[in-house]
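Below is one structure, written out as structure tokens; the observations come after it.
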Amino acid sequence: MRKRQVVVRREEPSSRRSSSSSVTVRSVRYRECQKNHAANVGGFAVDGCREFMASGEEGTDAALACAACGCHRNFHRREVETEVVCDCSSPSSNGT
């Protein structure tokens, strides 16, 4: 079994103002199911579900159940992609 290292970036509240503005865009995806279906017999077996697919509309209880395997969304590996978009304006270099 291969181990994975996950690095989570924590943002501190900005107490200082800067002249550039930046926007942080996060997208969350739920990947393979990690529920151990053989835990009650002392084994380890996963169902092979590769990615979470919501069973219902967003905001309903069914949105938290996977349509493929029936497990709750919490059993699926959470993957967060963070992108920081910076609108930086550099000073003009024409010497005025």
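The values are calculated or read from the model by the stated rules, or taken from the named source; none is laboratory data. Quick caveat, the model's predicted, so the values are computed rather than measured. Note: accessible area is taken over every heavy atom of the protein model, side chains too, but ligands, DNA and RNA are not part of it. Shrake-Rupley method; radii C 1.70, N 1.55, O 1.52, S 1.80 Å.
Once you have the alpha carbon radius of gyration of segment 38-86, what is it after dividing by 2.2 N^0.38 Å, with N set to its residue count?
Working: Rg = 14.5 Å, N = 49, 2.2 N^0.38 = 9.7 Å.
With N residues counted in segment 38-86, Rg over 2.2 N^0.38 Å equals 1.50.
Quote the accessible area belonging to residue 75 in square angstrom, nearest 10, computed with a 1.4 Å probe and with ligands, DNA and RNA left uncounted.
Per-residue accessible area (residue 75): approximately 90 Å².
Which value, in Å², gives the accessible area per residue of segment 45-90 when a 1.4 Å probe is used on the protein heavy atoms?
Values: 3300 Å² over 46 residues.
Per residue, segment 45-90 has 72 Å² of solvent-accessible surface.
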